[in-house]
Amino acid sequence: MSAPFFIGLDAGTSLTKAAIFDLSGVQVGEAQARTTLYRPHFGWSELDPDEAWEATTDVLGRVVANSGIDPSDIAGIGLSAAMVGAWIVDGDGKALRPGITWEDSRAQPLIEAHMARDPQFMSRIFNSSGSVMQQGCTLPVLAWLAQNEPAVLDAARYVFSYKDYLRFRLTGLAATDRSEASVIPGSAATRTRSAEMISLFGLEAQAHLLPPIRDSETFIGGLSAIAARHIGLPEGLPVCVGAGDVAATVIGAGGLAAGTATAVLGTTCMVGVVHDRPVFAPSDLGLLFTLPGERWYRAMVNVAGTLNLDWAFCALAPDLAARPDRFELASQMLLDTPEGAHGLTYLPYLSESGIIAPRVDPIARAQFVGLTPRHDRALLFRAVFEGVAFAMRDLFDLLDFSGDRVLLTGGGAQNSLWTQMICDLIGTPVEVPHGSQFGARGAALLAATAAGQFATINSASATVAGKGRLFEPDRASAARLAPALARYREARDRLLGIT
């Protein structure tokens, strides 16, 4: 057998990706498949479990076939996916209802009822998990199901997160990892679930539905005979426990060392710093992710990132939305328009679940401010790009970061003009790591560590660090953006009631 390769699977809410990596983190194959996000009611966000499974088997099969690598040289599969939510199966492993995703907000009335009875409800959760709880976290969703779909839970054997559902389908074995268990909400300090949090939601009777907890960088069984036939890989091929998408992205970007800042400009916009201890400040704001390797990622989030650009294409430029060169055309709009978009400001709060930074506001919504007849489509696009970049500056302002560079990942990082704008605004060098599938690479590195190829996941992540394209801040550009940033802050403060 030649040097082993590892597959990383990264399942998002709209795109499932698989990639193959060698031990130096170089990608040697990739496959993608789209999944349909269903919104049957206002605030609901669901995926069809069978469609999700078909997308998984499709990309795992194609990535090997397209790479030309002998399947016998594949030494393991690592998993990552969008976190929390609820995927419910019965004793035979059959899904009992559509999978509920992280951005689902059906539990908001239930949360508000808790807050009315106990004004410290959300703070109690933050003090345990280190995160402002989002409506799509597993425990509030499970509490909603207990109230509204009790027959489903009566028939259930497990309530999984997305990646854990997919692993169950691949291996027939149930488990979750610490990155998921501590954020459902659980306990960041103990890196596991919390009986106190389960009790807070009145879920003692449903606690047995949550699967056993394992370390991310361990194997749990191998491909079942059925899954192996679907995929075209050997039966028994080891499958890693894996980690949530945030943890896997940090690992795959080479950002696991304490003190490293990693930003994600993807569907969600996130900025965070890795620590060697759980950090709960500032209180009642932001998120805290438990990472493998005894690390924690303190993050601030604007729930909508590149989602704003996707919306702009669909709503403002439907003639461009399907073109393969649409991002190049968007970059040209940036070049053709002045900083500040002639006084037009965009607040990028496009998610139906509102925002959780710079303050928690579930009803905050995106909007243009200062729109006049002179603002054409190009200027609206310019305002969208700037609005997201200004929101990222907000997130950095909330973090205690004094490092010498920031790692920037996500689809938006592939746009050099947008990356330079962010670099100018934060005044710190920005490195865009080599590659693109960082979640999949993090998952593959977890599998490689489980296989004994690395002593620790920390050393595995370090092998891919420091190999990216570096952007240096331009003070003159930052000065030209300063008036627009000031207008953005004024509009933000009016909307959010910040005085």
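Here Ala207 fulfils each of the conditions (1) within 30 Å of Asp70 (Cβ to Cβ); (2) free of Cβ contacts under 8 Å to residues at least 40 places away in the same chain apart from (1). Within the set of pairs 6 or more residues apart or between chains, which connect a residue that is β-branched (Val, Ile, Thr) inside region 383-406 to a residue that is part of a loop (DSSP other than H, G, I, E, B) with Cβ atoms less than 6 Å apart? Cβ pairs passing all conditions: Val388/Pro348; Val406/Thr428.
Of all residues in region 7-57, those satisfying the criterion of being touching a helix residue (DSSP H, G or I) at 6+ places or on another chain (Cβ under 6 Å) and of a type in the set (Val, Ile, Thr) are Thr16, Ile20, Val28, Thr35, Thr56, Thr57. Counting only helices (runs of 4 or more DSSP H) that fall entirely inside region 306-345 and contain at least 1 residues that are out of contact with any strand residue (DSSP E or B) (no Cβ under 9 Å at 6 or more places or on another chain) and of a type in the set (Phe, Trp, Tyr), the qualifying elements are 307-316, 326-335. Selection of region 414-462 for residues being polar (S, T, N, Q) and either within 30 Å of Ala383 (Cβ to Cβ) or at pLDDT below 95 (or both) yields Gln414, Asn415, Ser416, Thr419, Gln420, Thr428, Ser436, Gln437.
Residue-level check: of (1) touching a residue at least 60 places away in the same chain (Cβ under 8 Å); (2) outside any helix (DSSP H, G or I); (3) aliphatic (A, V, I, L, M), Val152 misses just (2). Which ones in region 244-264 are part of a strand (DSSP E or B) and in contact with a Leu (Cβ under 6 Å, 6 or more places away or on another chain)? Correct list: Thr262, Ala263. Can Ala86 be described as under 16 Å from Tyr158 (Cα atoms) and either touching a residue at least 60 places away in the same chain (Cβ under 8 Å) or in the same structural domain as Gly222 (by TED's automatic domain parsing) (or both)? When the stated conditions are applied, Ala86 passes them.
In the set Ser216, Ser199, only one residue is crowded, with 24+ Cβ neighbours inside 10 Å, at pLDDT 95 or above, not in a strand (DSSP E or B) and not assigned by TED's automatic domain parsing to the domain that holds Trp418; that residue is Ser216. If the condition is being more than 25 Å from Val271 (Cα to Cα), polar (S, T, N, Q) and in contact (Cβ under 8 Å) with a residue 40 or more places away in the chain, then region 304-350 contributes only Thr337.
Ala341 - would you say it is at pLDDT 90 or above and in contact with a His (Cβ under 8 Å, 6 or more places away or on another chain)? Yes.
A quick yes/no check of all residues on (1) of a type outside the set (Asp, Glu); (2) assigned to a loop (DSSP other than H, G, I, E, B); (3) over 26 Å from Val246 (Cα atoms):
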position	(1), (2), (3)
Phe42	yes, yes, yes
Glu51	no, no, no
Leu60	yes, no, no
Ala65	yes, no, yes
Glu103	no, yes, no
Ile111	yes, no, no
Ala116	yes, no, yes
Gln134	yes, yes, no
Leu139	yes, no, no
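Screening the candidates Ala389, Ala378 for the property of being crowded, with 17+ Cβ neighbours inside 10 Å, over 27 Å from Leu496 (Cβ atoms) and modelled with pLDDT of 95 or more yields one hit, Ala378. When region 464-488 is filtered for residues that are surrounded by fewer than 17 Cβ atoms within 10 Å (Cβ to Cβ), part of a helix (DSSP H, G or I) and free of Cβ contacts under 8 Å to residues at least 60 places away in the same chain, the ones remaining, listed by number, are Arg475, Ala476, Ala479, Ala482, Ala486.
Taken over region 369-395, the residue count meeting the criterion of being in a loop (DSSP other than H, G, I, E, B) and in contact with a helix residue (DSSP H, G or I) (Cβ under 7 Å, 6 or more places away or on another chain) is 3. Residues satisfying the criterion are absent from region 25-39 (criterion: under 24 Å from Gly172 (Cβ atoms), modelled with pLDDT under 95 and not acidic (Asp, Glu)). From the list Ser194, Ser199, Ser224, the one residue that fits, being touching a strand residue (DSSP E or B) at 6+ places or on another chain (Cβ under 9 Å) and under 25 Å from Arg157 (Cα atoms), is Ser194.
Taking region 410-447 as the range and being more than 22 Å from the chain's Cα centre (by Cα) and either in a loop (DSSP other than H, G, I, E, B) or farther than 23 Å from Glu386 by Cα (or both) as the test, the residues that pass are Gly427, Thr428, Pro429.
The values are calculated or read from the model by the stated rules, or taken from the named source; none is laboratory data. Because the structure is a prediction, the values reported are computed rather than measured. Methodologically, a virtual Cβ is constructed for each residue, glycine included, from the backbone with ideal geometry; neighbour enumeration extends over all protein chains shown.
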